[in-house]
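S.K.: Right, I'll just put the structure down here and ask away after.
The values are calculated or read from the model by the stated rules, or taken from the named source; none is laboratory data. The structure displayed is predicted, hence computed values, not measured ones. For neighbour counting, all protein chains shown are included, and Cβ atoms are generated from backbone atoms with ideal geometry for every residue, glycine included. To get the accessible areas, we keep the full protein, side chains included, count just its heavy atoms, and leave off ligands, DNA and RNA. Shrake-Rupley method; radii C 1.70, N 1.55, O 1.52, S 1.80 Å.
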Amino acid sequence: MAFGKWPLRPALGPLLAVGSLLALAWASYAWVQQRQLDELHRTLDSRAELYAASIGGALNKYEFLPLAVAQSDAVAQLLEQPTPDKVAQINAYLIDINRRAGAFAVYVLDDKGTTLASSNWQDRSSYVGVNYGFRPYFKNAIAGGIGRFYGIGASTFEAGYFISQPVQRDGRILGIVAAKVNLDWIEQSWRTPGAGEQIWVKDANGVIILATTQAFKFKTLAPLAPEAKSDISAQRQFLQENLPILPHKVRRQFADGASVMTLERPQTGESPALSGSADYLAVHRALGPLAWQITVLAELDQVNGAARNAAMAAALGWALLLLALMYARQRRRRIADRLNAQQTLARAYEQLEIKVEQRTADLVHANGRLQAEVAERERAEQTLRYAQAELVQSGKLAAIGQMAAGVTHELNQPLAALQTFSDNAKVFLARGRIDDALDNLSTISDLVKRLGYVTSQLKGFARRSDDARKPVSVRQAFAQTMLQIRTRKNSQRLTLHESWSGDDIIVLCNAIGLEQVFTNLITNAMDAVPEGQDVHIWFQARREGTLAIVHITDNGPGIPLASLDKIFDPFYTTKEHGLGLGLSISAGILRAAGSALAVRNRSAAEGGGAQFTITLSCDPGDKNTETGDIPDARE
């Protein structure tokens with residue numbers, strides 16, 4: 001068994017495609033990059049030759065200057081016998097000749113290296129009186145040769161190219177004539193806007209003395225030899241310059257000495273700072289008799305960009321070819337699949353006809369059974385209609401029983417209060433307390449009205465009451481409720497905590513119905529607290545826009561969680577001898593007024609107990625009610 005062979009076969013095609021794509025892209029990149037490098041190499045070769053020729057011509061232009069001055073008899077006479085008059089004469093002569101030649105300075109030194117006359121004798125950095133015997137150009141010329149030297153001036157602190165010639169008379173060397181040439185103009189010519197090249201010139205020790213970028217000057221590409229360090233220090237060639245190594249890395253070396261190197265990319269503008277790194281192609285050419293070397297560098301961004309574009313084009317072309325091949329293959333596969341599907345469909349059609357015949361026979365048989373079932377269902381429906389009629393009759397009886405029980409429940413409390421207030425009225429009359437008796441009789445009259453409201457609810461079985469949404473004072477309804485509550489047995493256990501927000505709140509509800517709701521909630525709260533324990537009830541009323549919110553909270557054990565969803569159902573009670581109609585009736589009264597009743601158990605952190613919340617609509621005619629539409633509190 002060739003384990004693992006067949007799973008590789010589906011992935012072999014994509015792997016080959018990706019591999020060929022990468023190989024083609026890499027080959028295209030390498031081929032185009034090499035061609036671009038060769039072309040850039042040829043371009044830099046010609047430019048390096050041009051730059052080398054221009055620098056050589058500029059330096060050769062000044063070779064004659066010290067030689068011409070050395071031929072002057074006046075200069076020789078100054079060296080043989082210097083006097084102030086001769087010094088002034090030669091200073092004027094040097095100024096004139098330097099003005100025409102355009103050098104930085106021309107000056108005459110005696111055989112000890114001390115400057116006797118100079119074209120810059122009037123400047124603060126005048127060479128007159130300064131000894132330059134340590135300079136190589138003096139030592140070479142005083143020995144009878146031609147002195148050539150590049151360094152930083154010890155007096156002016158400006159770099160330049162020094163050329164010197166001996167002054168000879170009768171076979172004797174009397175002194176030398178030196179000329180200093182400033183080469184900054186050459187660097188300026190290299191820094192033309194838009195030039196994408198970097199150019200530098202290294203001296204025989206490998207120190208960069210000229211460069212398009214100031215950050216490259218007076219740096220080396222390799223550590224200096226100890227002898228070179230010693231000579232540079234003795235000659236004071238670069239004064240206090242440390243000559244650090246320029247950070248770079250040679251990536252590739254060519255046979256003719258050219259190389260690809262990585263350098264820090266110089267920033268644009270006048271700032272000498274460097275920014276980032278880039279790859280450069282560097283081409284070198286020897287320069288002049290001082291064994292200098294000029295290097296022309298060009299960034300490889302365009303070369304690499306062309307190579308990348310070629311690689312992307314090759315990859316894109318190859319990818320398009322692969323996609324075309326894949327499309328052709330998929331198209332052939334779809335055609336084959338379509339033919340197979342047609343053949344499969346024809347076979348399926350034949351099988352379907354056979355099955356249809358079989359199903360037709362089955363349906364005929366099933367139809368006979370269905371007709372028998374229909375007859376059976378018709379008989380069952382007749383039985384169901386008879387049962388429904390019986391159920392409707394039972395529902396009517398249950399509704400009558402519920403109304404009777406509700407009336408009985410609601411009449412108990414007012415009748416008990418009537419008994420108490422009538423007994424008190426007789427006592428007050430017997431004692432001659434007519435005013436107190438009249439108050440009790442007025443209360444008895446209110447209770448009779450309430451009894452009339454309770455019995456009038458029987459009419460609601462046929463139609464809805466017209467006074468379900470009348471303006472009523474919450475404070476007055478609560479006061480009437482507490483007047484009845486105080487007549488109850490054990491009412492001395494009750495401690496009431498009232499909280500009202502501002503003025504009285506006028507809501508839309510039936511006045512006696514609202515008192516009945518308050519009575520049911522407060523008496524239920526008192527019943528919920530165990531015997532022998534003080535009852536604390538918190539009554540809070542506040543206005544929120546066009547709504548009035550009333551909270552009634554007790555200190556009882558709360559409502560069992562299983563009963564919270566059923567607490568407002570008729571005949572559902574948690575009391576041992578309760579009817580289960582008080583909360584149901586209260587909720588019905590509030591619903592008729594467009595209000596709502598809710599309940600929750602408070603947490604231990606809140607103090608425990610049950611809290612009922614009544615949401616009522618405020619009377620739009622109340623001046624304390626905010627303007628706007630009166631929403632239904634049940635929404």
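S.K.: Would you confirm whether any residue within the range 475-492 is of a type in the set (A, V, I, L, M) and in contact with an Asp or Glu (Cβ under 7 Å, 6 or more places away or on another chain)?
M.R.: yes
S.K.: Can you go through LEU441, LEU415 and tell me which one is assigned to a helix (DSSP H, G or I), surrounded by fewer than 18 Cβ atoms within 10 Å (Cβ to Cβ) and modelled with pLDDT of 80 or more? Give the derivation first.
M.R.: Numbers: LEU415 fails: modelled with pLDDT of 80 or more.
Sole residue among the options that is assigned to a helix (DSSP H, G or I), surrounded by fewer than 18 Cβ atoms within 10 Å (Cβ to Cβ) and modelled with pLDDT of 80 or more: LEU441.
S.K.: One residue is enough: does the range 62-72 have a residue meeting the conditions in contact (Cβ under 8 Å) with a residue 60 or more places away in the chain, in a loop (DSSP other than H, G, I, E, B) and over 30 Å from LEU316 (Cβ atoms)?
M.R.: yes
S.K.: Another question, if that's okay. Any idea how many residues of the range 235-279 are touching a Ser or Thr at 6+ places or on another chain (Cβ under 8 Å), surrounded by 11 or more Cβ atoms within 10 Å (Cβ to Cβ), at pLDDT 80 or above and closer than 15 Å to LYS219 by Cβ?
M.R.: 5
S.K.: OK, next. What are the pairs, 6+ residues apart or on separate chains, where a residue within the range 210-234 that is free of Cβ contacts under 8 Å to residues at least 60 places away in the same chain has its Cβ under 6 Å from a residue that is open to solvent by 70 Å² or more (accessible area, probe 1.4 Å) and of a type outside the set (S, T, N, Q)?
M.R.: THR212/ARG191; GLN214/PRO272; ALA215/PRO272; PHE218/GLU241; THR220/ILE245
S.K.: Hey, among the residues in the range 24-40 that are modelled with pLDDT of 80 or more and over 14 Å from ARG308 (Cα atoms), which one's most open to solvent (accessible area, probe 1.4 Å)?
M.R.: GLU39
S.K.: Sticking with this one: Pull up the range 307-320, narrow it to residues that are surrounded by 17 or more Cβ atoms within 10 Å (Cβ to Cβ) and within 37 Å of the chain's Cα centre (by Cα), then point me to the one that is nearest to VAL18 (Cα to Cα).
M.R.: Keep residues of the range 307-320 that are surrounded by 17 or more Cβ atoms within 10 Å (Cβ to Cβ), which gives 307, 310-311, 314-315, 318.
Retained after the next criterion (residues that are within 37 Å of the chain's Cα centre (by Cα)): 307, 310-311, 315.
Working: ALA307: 20, ALA310: 18, ALA311: 14, ALA315: 10 Å.
Checking each candidate, the answer is ALA315.
S.K.: Next question, about the same structure. Within the range 152-185, how many residues are in contact with a helix residue (DSSP H, G or I) (Cβ under 7 Å, 6 or more places away or on another chain) and in contact (Cβ under 8 Å) with a residue 40 or more places away in the chain?
M.R.: 14
S.K.: Moving on. Would you mind stating whether ILE232 is surrounded by 18 or more Cβ atoms within 10 Å (Cβ to Cβ), part of a helix (DSSP H, G or I) and either out of contact with any Phe, Trp or Tyr (no Cβ under 8 Å at 6 or more places or on another chain) or modelled with pLDDT of 80 or more (or both)?
M.R.: Against the criterion (surrounded by 18 or more Cβ atoms within 10 Å (Cβ to Cβ), part of a helix (DSSP H, G or I) and either out of contact with any Phe, Trp or Tyr (no Cβ under 8 Å at 6 or more places or on another chain) or modelled with pLDDT of 80 or more (or both)), ILE232 qualifies.
S.K.: Still on this structure: Could you go through the range 598-621 and let me know if any residue there is more than 17 Å from THR523 (Cβ to Cβ) and modelled with pLDDT under 85.
M.R.: Yes: one or more hits.
S.K.: Check whether at least one residue in the range 332-342 is loosely packed, with under 12 Cβ neighbours inside 10 Å, small (Gly, Ala, Ser) and within 30 Å of GLY19 (Cα to Cα), and report yes or no.
M.R.: Yes: the range 332-342 contains one or more residues that are loosely packed, with under 12 Cβ neighbours inside 10 Å, small (Gly, Ala, Ser) and within 30 Å of GLY19 (Cα to Cα).
S.K.: Tell me, yes or no, whether the range 589-597 has at least one residue that is closer than 25 Å to ALA479 by Cα, in contact (Cβ under 8 Å) with a residue 24 or more places away in the chain, of a type outside the set (S, T, N, Q) and in a strand (DSSP E or B). So that I can check it myself, show each step before the final result.
M.R.: Start the filter on the range 589-597 by keeping residues that are closer than 25 Å to ALA479 by Cα, which leaves 589-597.
Among the residues that remain, those that are also in contact (Cβ under 8 Å) with a residue 24 or more places away in the chain are: 589-597.
Checking which are of a type outside the set (S, T, N, Q) leaves us with 589-594, 596-597.
Subset that is in a strand (DSSP E or B): 596-597.
Yes, because at least one residue in the range 589-597 is closer than 25 Å to ALA479 by Cα, in contact (Cβ under 8 Å) with a residue 24 or more places away in the chain, of a type outside the set (S, T, N, Q) and in a strand (DSSP E or B).
S.K.: Of the residues that sit in the range 117-127 and are in a loop (DSSP other than H, G, I, E, B) and either open to solvent by less than 60 Å² (accessible area, probe 1.4 Å) or under 16 Å from GLN165 (Cβ atoms) (or both), which one is modelled with the lowest pLDDT?
M.R.: Selected residue: SER125.
S.K.: If we scan the range 53-76, do we find a residue that is surrounded by 20 or more Cβ atoms within 10 Å (Cβ to Cβ), in contact with a Pro (Cβ under 8 Å, 6 or more places away or on another chain) and within 22 Å of SER164 (Cα to Cα)?
M.R.: The answer is yes, given that some residue of the range 53-76 is surrounded by 20 or more Cβ atoms within 10 Å (Cβ to Cβ), in contact with a Pro (Cβ under 8 Å, 6 or more places away or on another chain) and within 22 Å of SER164 (Cα to Cα).
S.K.: Select from the range 99-116 the residues that are without any contact (Cβ under 8 Å) to a residue 40 or more places away in the chain and either more than 15 Å from VAL69 (Cα to Cα) or touching a strand residue (DSSP E or B) at 6+ places or on another chain (Cβ under 7 Å) (or both) and list them in ascending order. Full working, then the answer.
M.R.: First, pick out the residues of the range 99-116 that are without any contact (Cβ under 8 Å) to a residue 40 or more places away in the chain: 99-100, 102, 112-115.
Within the range 99-116, LYS112, GLY113, THR114, THR115 qualify.
S.K.: With the checklist (1) surrounded by 13 or more Cβ atoms within 10 Å (Cβ to Cβ); (2) modelled with pLDDT of 80 or more; (3) polar (S, T, N, Q) in hand, flag the one item THR83 doesn't pass.
M.R.: Unmet condition: (1).
S.K.: Moving to a separate point now. When you go through ALA324, ALA319 one by one, which is the residue that is within 30 Å of TRP26 (Cα to Cα), modelled with pLDDT of 85 or more and either of a type in the set (Gly, Ala, Ser) or touching an Asp or Glu at 6+ places or on another chain (Cβ under 7 Å) (or both)? Give the steps one after another, and end with the answer.
M.R.: Values: ALA319 fails: modelled with pLDDT of 85 or more.
Unique residue meeting the criteria: ALA324.
S.K.: Looking only at the range 461-488, count how many residues are more than 29 Å from THR420 (Cβ to Cβ) and at pLDDT below 80.
M.R.: Looking only at that region, the number is 6.
S.K.: Restricting to the range 170-181, give me the number of residues that are modelled with pLDDT of 90 or more and within 16 Å of GLN77 (Cβ to Cβ).
M.R.: Within the range 170-181, residues that are modelled with pLDDT of 90 or more and within 16 Å of GLN77 (Cβ to Cβ) number 6.
S.K.: Hey, another quick one. What pairs can you find where one residue is in the range 273-302 and free of Cβ contacts under 8 Å to residues at least 12 places away in the same chain, the other is open to solvent by 10 Å² or more (accessible area, probe 1.4 Å) and not acidic (Asp, Glu), and their Cβ atoms are less than 6 Å apart, with a gap of 6+ or different chains?
M.R.: Filtered contacts from the range 273-302: SER275/ARG265; SER275/GLN267.
S.K.: So the check is Cβ under 9 Å with 6+ separation or different chains; which pairs have a first residue in the range 16-39 that's among the polar types (S, T, N, Q) and a second one that's buried (at least 16 other Cβ atoms within 10 Å of the Cβ) and not in a helix (DSSP H, G or I)?
M.R.: Listed by first residue and then by second, the contacts come to GLN33/LEU300; GLN36/LEU300.
S.K.: Let me ask something else about it. With the requirement that a residue be among the charged types (D, E, K, R) and not in a helix (DSSP H, G or I), what does the range 282-341 give you?
M.R.: Of everything in the range 282-341, those that are among the charged types (D, E, K, R) and not in a helix (DSSP H, G or I) turn out to be ARG285, GLU299.
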